[in-house]
Amino acid sequence: MFQPTFHPPRAAPRNTRHGTAPAARRRTFGVALAAVAMAGLLAGGVARAQAAKEIVVWHAYRAAEKAAFEKVVENFAKTPAAKGFKVSTLAIPYDAYADKISAAVPRGKGPDVFIYAQDRLGGWIEAGKTVEPIDFFLDKATRDSLLPGMLDAMTYKRGVWGLPINYKMPTLIYNKDLVKTPPKTTDEMVKLAKSLTNAASGRYGLAYWYTNFYFHSALMNAFGGAVFDKDGKLVVDSPATAASLNQMMKWFKDGVLPAEPSEALIASMFNEGKAAMVINGPWFVGDIDRKINVGFAPLPVVDATKKPMRPWMTIEGAYVAASSANKEVAYEFARYLTGEEAGLVLALEGRQLHTNKAVYANPKVGADPVLQAFRAQLENAEPMPNRPEMTMVWSPATTAMNKIVKGNASVEAALKEAAGSMQESIAALRKGR
């Protein structure tokens, strides 16, 4: 099943959480010492790689995804594009991965290629000495081989900085024993959810993490809301975003959504047959109990706007490190990852939603209900913003949504306060560049 390398944004960034208990501090200190030692090994490894016709690749895959990726690496080494280079891979724990890239790569102590979602791309580009632009290498055949919208996520300030490998976004996941026909519109969804809800017994027709801004994006986009406009101006405090939040609150007040949702709660409810429909991504599929007769369907059309729910899509890309001494081979490896040959291995063995168009014409991929379901949702999804300012959005947005749901602030007041907090942080970020 899917083993995600993308985690939906939590309530607050790691650096805003509360203090650490003494035992945890000791563990953290141990991890820090290990990280220092690891950094030295990595630095030496890169130096040796440059001297021994070797490129180093960092990733955060595990389980089936990791096995499939390593198979692709072995296959690449047999191609003429490898030019005799050996490819060495290093799996980095996800929680430490982004910070490790930011710390090591600009100092020339990181990999030749690293794989990560597009949400941190703008920040790395603005920081400099991290990602190599690839416009010079990128050819028309590679562009044309990719699904629509994929290369957009790798584009920043009109330059292309990476090659997209796979994508992830939420869709509608339902229990076929409870839902015979998935809803086509939100009015149908709410009507069906009401018929399947019994709050006294803990049963709900619909469950999703509605206080998480990442999941709310599907409604916000359907209403025409956005975080930034095309020029990078913060526009989250808009009538469209307010309308989307009011729609979410109507569902909440209708009683079809469980209180205080979380990933763990939603998974537990779905596996116990207490949630008929959930909105979640491919990372959720691995948590579904085998006894559940699971079905998938695209997110419904919002009756108020006559437009479908459009969730944010995270796209994982392969980036050539600015410090690599073997950029040409590094790019060839990244390009190989986007090809049909690699795509079939990553899709069928790693269960990834690959970015290559031709992969979906394969009969085995066509027969996979999970891959086909999320491929269908792709028709109504949009890349999550890759601007560096996006890191300043999550915490204020989550605070605002919790205030709204708990009745501590109106939609408009909470949005205005959140926008002010975001703008203040964004101004400080831009000043510090």
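The values are calculated or read from the model by the stated rules, or taken from the named source; none is laboratory data. Quantities reported herein were computed from a predicted structural model and do not represent experimental measurements. Cβ: placed from backbone, ideal geometry, glycine included. Neighbour counts: every protein chain shown.
Which of the residues spanning segment 347-359 are touching a residue at least 60 places away in the same chain (Cβ under 8 Å) and in contact with a strand residue (DSSP E or B) (Cβ under 9 Å, 6 or more places away or on another chain)?
Gly350, Gln352, Leu353, His354, Thr355, Asn356, Lys357 - these are the residues of segment 347-359 that are touching a residue at least 60 places away in the same chain (Cβ under 8 Å) and in contact with a strand residue (DSSP E or B) (Cβ under 9 Å, 6 or more places away or on another chain).
Considering only residues of segment 226-243 that are without any contact (Cβ under 8 Å) to a residue 24 or more places away in the chain and within 21 Å of Val301 (Cβ to Cβ), which is surrounded by the fewest Cβ atoms within 10 Å (Cβ to Cβ)?
Of everything passing the filter in segment 226-243, Pro239 is surrounded by the fewest Cβ atoms within 10 Å (Cβ to Cβ).
Those residues that are of a type in the set (Gly, Ala, Ser) and surrounded by fewer than 19 Cβ atoms within 10 Å (Cβ to Cβ), I need them from segment 199-225; list them, please.
Step one: filter segment 199-225 for residues of a type in the set (Gly, Ala, Ser), giving 199-202, 205, 207, 217-218, 222, 224-225.
Hits for segment 199-225 are Ala199, Ala200, Ser201, Gly202, Gly224.
Given the residues Lys306, Lys327, Lys364, which is the only one that is more than 26 Å from Ala63 (Cα to Cα) and free of Cβ contacts under 8 Å to residues at least 24 places away in the same chain? Walk me through it before giving the result.
On the way: Lys327 fails: free of Cβ contacts under 8 Å to residues at least 24 places away in the same chain; Lys364 fails: more than 26 Å from Ala63 (Cα to Cα).
Sole residue among the options that is more than 26 Å from Ala63 (Cα to Cα) and free of Cβ contacts under 8 Å to residues at least 24 places away in the same chain: Lys306.
So in segment 367-376, with the set limited to residues that are surrounded by 19 or more Cβ atoms within 10 Å (Cβ to Cβ) and touching a residue at least 60 places away in the same chain (Cβ under 8 Å), which one is nearest to the chain's Cα centre (by Cα)?
Selected residue: Phe374.
For segment 305-331, give me the residue count where each residue is buried (at least 17 other Cβ atoms within 10 Å of the Cβ) and part of a loop (DSSP other than H, G, I, E, B). Even if it seems obvious, please write down each step before you answer.
Applying the first criterion (buried (at least 17 other Cβ atoms within 10 Å of the Cβ)) to segment 305-331 yields 305, 308-324, 326-327, 329-331.
If we keep only those that are part of a loop (DSSP other than H, G, I, E, B) as well, we get 305, 309-311, 322-324, 326.
Total meeting the criteria: 8.
Would you be able to tell me the number of residues in segment 401-413 that are closer than 21 Å to Ser262 by Cα and not in a loop (DSSP other than H, G, I, E, B)? Show your work before the answer.
Just the residues of segment 401-413 that are closer than 21 Å to Ser262 by Cα, to begin with: 401-408.
Next cut, not in a loop (DSSP other than H, G, I, E, B) only: 401-405.
Summing the residues that are closer than 21 Å to Ser262 by Cα and not in a loop (DSSP other than H, G, I, E, B) in segment 401-413 gives 5.
With the requirement that a residue be in a strand (DSSP E or B), closer than 21 Å to Thr398 by Cα and not aliphatic (A, V, I, L, M), what does segment 273-297 give you?
Scanning segment 273-297 gives a single hit, Asn280.
Does Val227 meet the test of being closer than 23 Å to Met189 by Cβ and of a type in the set (Val, Ile, Thr)?
Here the answer is no, as Val227 does not meet what is asked.
What are the pairs with Cβ atoms under 9 angstrom where one residue, in segment 401-422, is closer than 13 Å to Phe213 by Cα and in the same structural domain as Ser244 (by TED's automatic domain parsing) and the other, located anywhere, is among the charged types (D, E, K, R) and assigned to a loop (DSSP other than H, G, I, E, B)? Sequence gap at least six, or different chains.
Hits for this filter: Val405/Glu260; Leu415/Asp237; Ala418/Asp237.
Looking at the structure I just gave you, is Lys140 out of contact with any His (no Cβ under 7 Å at 6 or more places or on another chain) and under 17 Å from Tyr331 (Cα atoms)?
yes
Return the residue satisfying two criteria in turn: it lies in segment 377-408 and is touching a Lys or Arg at 6+ places or on another chain (Cβ under 7 Å) and surrounded by 19 or more Cβ atoms within 10 Å (Cβ to Cβ), and of such residues it is farthest from Pro170 (Cα to Cα). Talk me through it step by step, then tell me what you get.
As a first pass, look at segment 377-408 and keep what is touching a Lys or Arg at 6+ places or on another chain (Cβ under 7 Å): 380-382.
Imposing the further condition that a residue be surrounded by 19 or more Cβ atoms within 10 Å (Cβ to Cβ) reduces the set to 380-381.
On the way: Asn380: 11, Ala381: 9 Å.
Per the criteria, the residue is Asn380.
Pairs under 6 Å by beta carbon, first residue free of Cβ contacts under 8 Å to residues at least 24 places away in the same chain in segment 256-277, partner among the charged types (D, E, K, R) and surrounded by fewer than 19 Cβ atoms within 10 Å (Cβ to Cβ), six or more apart or different chains?
Partner pairs satisfying both residue conditions: Ala267/Asp287; Asn271/Asp289.
Look through segment 77-119, keep the residues that are within 18 Å of Asn166 (Cα to Cα), in contact (Cβ under 8 Å) with a residue 60 or more places away in the chain and not acidic (Asp, Glu), and return whichever of them is surrounded by the fewest Cβ atoms within 10 Å (Cβ to Cβ).
Among them, the one singled out is Tyr94.
Residues of segment 379-400 being among the aliphatic types (A, V, I, L, M) and either farther than 23 Å from Gly149 by Cα or part of a loop (DSSP other than H, G, I, E, B) (or both), which ones?
Answer for segment 379-400, where residues must be among the aliphatic types (A, V, I, L, M) and either farther than 23 Å from Gly149 by Cα or part of a loop (DSSP other than H, G, I, E, B) (or both): Ala381, Met384, Met392, Val393, Ala397, Ala400.
What's the number of the only condition in (1) in the same structural domain as Glu70 (by TED's automatic domain parsing); (2) within 20 Å of the chain's Cα centre (by Cα); (3) of a type in the set (Val, Ile, Thr) that Val345 fails to meet?
All conditions are met except number (2).
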